[in-house]
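The values are calculated or read from the model by the stated rules, or taken from the named source; none is laboratory data. Just so we're clear, the structure is a prediction, and the values are computed from it rather than from any experiment. Cβ placement follows ideal geometry from the backbone for every residue including glycine, while neighbour counts extend to all protein chains displayed. With ligands, DNA and RNA removed, areas are computed over all heavy atoms of the protein, side chains included. Shrake-Rupley method; radii C 1.70, N 1.55, O 1.52, S 1.80 Å.
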Amino acid sequence: MACMYSGFWGLRNAIDVQADLSARGARRSVAPTHKLGVVLSDAAAALVISFAEVLILLAYMAFALRISFGNQIGYVLLTCLAGCVAGVSFGGFVGTVVRGSENVKTGILIGVSMTMSFLAGLMWVEVKDMVARKAPVLSYINPAALVSDAFYSLYIFDTHHRFFINIGMLFLLSAIMCTASFMQLRRERYASI
């Protein structure tokens, strides 16, 4: 869930480049900077901040709560990075595709993130198994399910085959959401004042 909440950074970035939603967006839309450069630099900054937040959470879990991550800490960090990329991409996707005010977009982001987390079994563990049996496609298009399954596969299976499928799907979904977000932003035009 911490990775999915990276979506708030992506949403903030999407609002800050749309002239009809913020004063900063209005200033940025008339700047001579290419929109792709603005979006990429914002996304990189959001990713660094959200990944740092997750690293602080991992440090707290490891040192304060004394939770052992075993000898696969590199894979744990890769999963967290992929989850943060997916979270930022998802927030940007919601911010550009959903029409409405900032409050509407924030509400949709929270609602969809909570639904994805619930379907991933993060609130009630039996739901994950039920979704895998009844609607397995949801397990492959739900970023929260992919992150949690990547963690499960690290500590349950001897091979990393399933782990890398989850990581690959996270990056694929992120690329699709980023592309859709940028295409939506590219189409927006604002009337001169």
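Just a few scattered comments:
- Accessible surface calculations at 1.4 Å, restricted to protein heavy atoms, place segment 1-144 at 52 Å² per residue.
- Each of Tyr140 and Ala2 was given a label point 7 Å from its Cα along the Cα-to-Cβ line. The distance between the two points is 3.0 nm.
- Peptide ranges 26-34, 51-59, 13-21 listed from the most packed, as the mean C-beta count within 10 angstrom indicates: 13-21, 51-59, 26-34
- Solvent-accessible surface of protein heavy atoms, probed at 1.4 angstrom with all chains present, puts Phe164, Phe151, Phe90 in the order Phe164, Phe151, Phe90, largest first.
- Quarter of the Cα convex hull surface for segment 79-193, i.e. its orientation-mean projected area (nm²): 8.4 nm²
- Mean sequence separation of contacting Cα pairs (under 8 Å, at least six apart), scaled by the length of segment 48-144, corresponds to a relative contact order of 19 percent.
- Sorted peptide list for 68-78, 119-129, 138-148, criterion being average Cβ within 10 angstrom, highest first: 138-148, 119-129, 68-78
- Counted over the chain with a bin width of 5 Å, the fraction of Cα pairs per bin, in whole percents, is 1, 8, 15, 19, 18, 14, 10, 7, 4, 2, 1, 0, 0.
- Kyte-Doolittle mean at least 0.5, axial Cα span of 24 Å or more - DSSP H helices of the chain: 35-59, 73-97, 102-119, 161-187
- Within segment 65-106, the proportion of C-alpha pairs whose separation exceeds 12 Å stands at 68%.
- Gain on full extension, evaluated as 0.36 nm per residue between Ile156 and Ala44 minus their Cα-Cα distance, stands at 37.1 nm.
- Cα-derived Rg to Rh of segment 68-135, Kirkwood definition: 1.08
- Virtual spin-label span in nm between Ala64 and Val30, 7 Å along Cα→Cβ: 4.6 nm
- Taking a straight line from the alpha carbon of Lys134, these aspartates and glutamates sit under 15 Å away, with near neighbours fewer than eight places off in the same chain left out: Glu126.
- Computed over segment 118-189: relative contact order in percent, which uses C-alpha pairs under 8 Å that are six or more apart: 22 percent
- Other residues whose C-beta falls under 15 angstrom from the C-beta of Gly37 contribute a net charge of +1, scoring Lys and Arg +1 and Asp and Glu -1.
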